[in-house]
Amino acid sequence: MKKITFAVCGFGHIGKRHAQMVHKHEFGELRAIIDNDKNKLKEAKSIYPNIETYLDIEKYISNQKSEVGIIATPNYIHTPQATVFLKNNHHVVIEKPMGIDAESSNILANNYNNYIFCVMQNRYSPPAKWLKDIVEKGILGNIYMVQINCFWNRDKRYYTPKTWRGSKQFDGGVLYTQFSHFIDMMYWLFGDIENIQTKLYNNNHQDITEFEDTGFSSFEFVNGGSGTLNFSTSVYDKNFESSITIIAENGTVKIGGQYMDEVSYCHIKDYHLPELEKTQDANDYGHYKGSANNHDKVIDNVINTLNGLEKPHTSAKEGAKVVEIIERIYNSTK
């Protein structure tokens, strides 16, 4: 095992999480933080005195090199920044979403030889791994119907002061910023969708976002069965639920809780639910919370892959596919 060197681009909530995971890893070395906010760079330097700090990627590239660039910046610059890293012989870790348009995401996924790791950390949660196992082994039999519910709170506390959040051009919408992890879960478990019909509403975000806060989408899975996605960020005060319910030939299951972090229901023919590992707490950002806190496992996979011990747990093509599905869901309202 050799140490793998990293640069983190973006020192907000998620960038800090990545930096922490790299710094504490036995075989990770944090070499640089890149952010266009000088105050954040001062903060980074106070926490990690031995790193270098840069105001943009180009200055970093001209002065220093690492093996891996981690992108934890606003949605709209994920793809351009990944391109800069890849062209300068870095492997890349991209926070969700990979991008906010399918065309540029697919170009990124299909034109570089270096590794592109898309952060889909919900896949590591014990209920998600269990569900993947019983679907792949055919324990549920034919899938008849899947219902995905994502009901969260994102209010003025989240969108104020005005930043890239809430902008159609820079944010993209709640399916990109809040719920892309759960669309990844859907695709990972059941495959692609077709015959999509969607309705969007803006219940209480008219003065703080340029897009919907609520939507309902119905579709069919290419592999068989039908599905619905119900989502909202207009829930009062705090997150309520993220869940997947499956009605299938041999039984019914639901993983739920606020972050798909528990098995809420399991009734399957000739099957007993095994004892699962405890799910790690969700990312806590003060007055709001995000998805599963499994970034340590993401960094583990990057380091082990670059040492030849594993293969990437997520691929660039999967990340691009999630962007494409979101784009098709939004386009199905027209």
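TYR176 passes every criterion in (1) touching a Ser or Thr at 6+ places or on another chain (Cβ under 8 Å); (2) more than 17 Å from GLN147 (Cβ to Cβ); (3) of a type outside the set (S, T, N, Q) apart from (1). Within the range 271-307, if we keep just the residues that are hydrophobic (A, V, I, L, M, F, W, C) and within 30 Å of GLY141 (Cα to Cα), the residue that is modelled with the lowest pLDDT turns out to be ALA292.
Among (1) under 19 Å from the mean Cα position of the chain (by Cα); (2) without any contact (Cβ under 8 Å) to a residue 24 or more places away in the chain, where does TYR201 come up short? For TYR201, the failing item is (1). Cβ-Cβ distance below 7 Å, separation of 6 or more or different chains: which pairs start in the range 123-134 with a residue that is closer than 10 Å to LEU189 by Cα and assigned by TED's automatic domain parsing to the domain that holds HIS181 and end on one that is of a type in the set (S, T, N, Q) and in a helix (DSSP H, G or I)? Final answer for the pair search is ALA128/ASN122.
From ILE77, ILE94, grab the single residue that is at pLDDT 95 or above, closer than 26 Å to PHE219 by Cβ and hydrophobic (A, V, I, L, M, F, W, C). So that I can check it myself, show each step before the final result.
On the way: ILE77 fails: closer than 26 Å to PHE219 by Cβ.
One residue alone meets the criteria, ILE94.
With respect to HIS272, determine if the residue is free of Cβ contacts under 8 Å to residues at least 60 places away in the same chain and within 17 Å of LEU131 (Cα to Cα). The answer is yes for HIS272. Of the residues examined, TYR158 is not one that is surrounded by fewer than 24 Cβ atoms within 10 Å (Cβ to Cβ), under 16 Å from PRO312 (Cβ atoms), touching a residue at least 60 places away in the same chain (Cβ under 8 Å) and not small (Gly, Ala, Ser).
In the range 143-231, counting only helices (runs of 4 or more DSSP H) that sit wholly within it, the ones holding 1 or more residues that are of a type in the set (Val, Ile, Thr) span 174-177, 180-190.
Over 19 Å from GLY224 (Cα atoms) and surrounded by fewer than 19 Cβ atoms within 10 Å (Cβ to Cβ): does that describe GLN169? Yes.
Against the condition under 21 Å from LYS321 (Cα atoms) and free of Cβ contacts under 8 Å to residues at least 60 places away in the same chain, how does VAL174 come out, does it pass? Here the answer is yes, as VAL174 does meet what is asked. Taking the range 307-321, which residues are part of a loop (DSSP other than H, G, I, E, B) and surrounded by 14 or more Cβ atoms within 10 Å (Cβ to Cβ)? Answer for the range 307-321, where residues must be part of a loop (DSSP other than H, G, I, E, B) and surrounded by 14 or more Cβ atoms within 10 Å (Cβ to Cβ): PRO312, HIS313, THR314, SER315. Scan the range 116-126 and give yes if some residue there is within 15 Å of the chain's Cα centre (by Cα), among the polar types (S, T, N, Q) and at pLDDT 95 or above, otherwise no. No, because not a single residue in the range 116-126 is within 15 Å of the chain's Cα centre (by Cα), among the polar types (S, T, N, Q) and at pLDDT 95 or above. Residues of the range 236-249 include none that is in the same structural domain as LYS156 (by TED's automatic domain parsing), free of Cβ contacts under 8 Å to residues at least 40 places away in the same chain and surrounded by fewer than 18 Cβ atoms within 10 Å (Cβ to Cβ).
The values are calculated or read from the model by the stated rules, or taken from the named source; none is laboratory data. Please read these numbers as outputs of a predicted model, since none were measured by experiment. In this analysis, Cβ positions are derived from the backbone assuming ideal geometry, glycine residues included, and neighbour counts consider all displayed protein chains.
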